[in-house]
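The values are calculated or read from the model by the stated rules, or taken from the named source; none is laboratory data. In this text, all values refer to a predicted model and were calculated from it rather than measured experimentally. Because the Cβ atoms are built from the backbone with ideal geometry, glycine has one as well, and the counts that use them run over all protein chains shown.
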Amino acid sequence: MSTVQQKRGVQALNETLHALFAERDDVVLFGEDVLDPYGGAFKVTQGLSDAYPDRVLTTPISEASLFGVAAGMALRGQRPILEIMFGDFVALGLDQIVNGISKFREMYDDQVTVPLVVRTPMGGRRGYGPTHSQSLEKLLLGIPNICVVAPSECHDVGSLLAAAVEDERPVFFIENKLLYGRVIRRPDHGHIGELAVRESGDPYPALTFSATDFTEGVATVVTYGGMLPVVLDAVTELVLEQEIFCEVVALSQLVPIELDAVLESVARTGALVTAEEGTLTGGFGAEIAARVQEAAWSDLRAPVQRVAARDGIIPSARPLEDDMLPSVEDVVAAVTALDGVRS
């Protein structure tokens, strides 16, 4: 097993930040409580302020102002990395994002760029309650001229973060909270465990998984980020308990939407399920479903099934939170609801 495969998500991100600071003098990081010895709420920035005290800045609790500062730094030629402690509070910066950050390059006829990165944890399953557990990345999906990246535990999270810093676009880097403690599982000779894996797309690749070396499959399950382990558990259960084989496509770039890996898989399987941790209505799955039906209607033998959180607020009590968020059982039910999954 390689060294990368043994790293947890928080370690991979932290090491990448240290490498970026060592390589580039224009990288600046700021956010709430990012200084040592605390090193951020999830310890991703640990050690940076001691090593680079002039380039790591702690800030007041004023997210809207932080987005404005990040935009100004990017316009002046720096590469700011803004940490928003909990993704729920990206909402406080939406005016800056929608009416400034996403528009400057086009408004000024490509004479300026806004190469900033917003790093933020999203997602629940930690018992943090209604305002610290949401998956709100869908709020960003309809904003032109930005990039939204959401790594999973099977992606090279460090390389994705490095690519985001190199990107000339504003990049929102969505880190599911459970990713920090999970071991990164990268493909080894084209496999992760018993699953064959194909990696496609650059610089933010999609991963396509198959239990049959892409020779058999009755459905494609499209997901991203922290839902990937839930989906992989579900498709494993489907194989073991019902002999139903699926392919899984884990996207890392949510916007701009790249459908190549999804369409290639759907052409083989003939059916589509989407799975996301955010709420159902207006979600990422709805956009994927619409686009696949426009591009590959003739490949689909059944209506698309969507798996997502129930529409509502996330409770603080863990049993209630578990009931609110999408589960292995929800994914299994969505696949088995498709026409033609059984011979």
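The figures follow:
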| quantity | calculated |
| --- | --- |
| Among the candidates VAL149, VAL197, VAL183, residue that is closer than 19 Å to PHE67 by Cα and of a type in the set (Val, Ile, Thr) | VAL149 |
| Unmet requirement for THR59, which otherwise passes all of (1) polar (S, T, N, Q); (2) within 11 Å of PHE30 (Cα to Cα); (3) out of contact with any Leu (no Cβ under 9 Å at 6 or more places or on another chain) | (3) |
| SER252 out of contact with any helix residue (DSSP H, G or I) (no Cβ under 9 Å at 6 or more places or on another chain) and polar (S, T, N, Q) | no |
| Matching helices (runs of 4 or more DSSP H) fully within the stretch 1-110 where at least 1 residues are among the hydroxyl-bearing types (Ser, Thr, Tyr) | 9-23, 48-51, 63-75 |
| Residue in the stretch 317-337 that is farthest from GLU264 (Cα to Cα), counting only those that are surrounded by 14 or more Cβ atoms within 10 Å (Cβ to Cβ) and either at pLDDT below 95 or not aliphatic (A, V, I, L, M) (or both) | GLU321 |
| Complete set of residues in the stretch 258-301 that are in contact (Cβ under 8 Å) with a residue 24 or more places away in the chain, small (Gly, Ala, Ser) and part of a helix (DSSP H, G or I) | ALA261, SER265, ALA267, GLY285, ALA295, ALA296 |
| Any chance ILE313 is touching a Leu at 6+ places or on another chain (Cβ under 7 Å), in contact (Cβ under 8 Å) with a residue 12 or more places away in the chain, farther than 22 Å from VAL149 by Cα and of a type outside the set (Lys, Arg) | no |
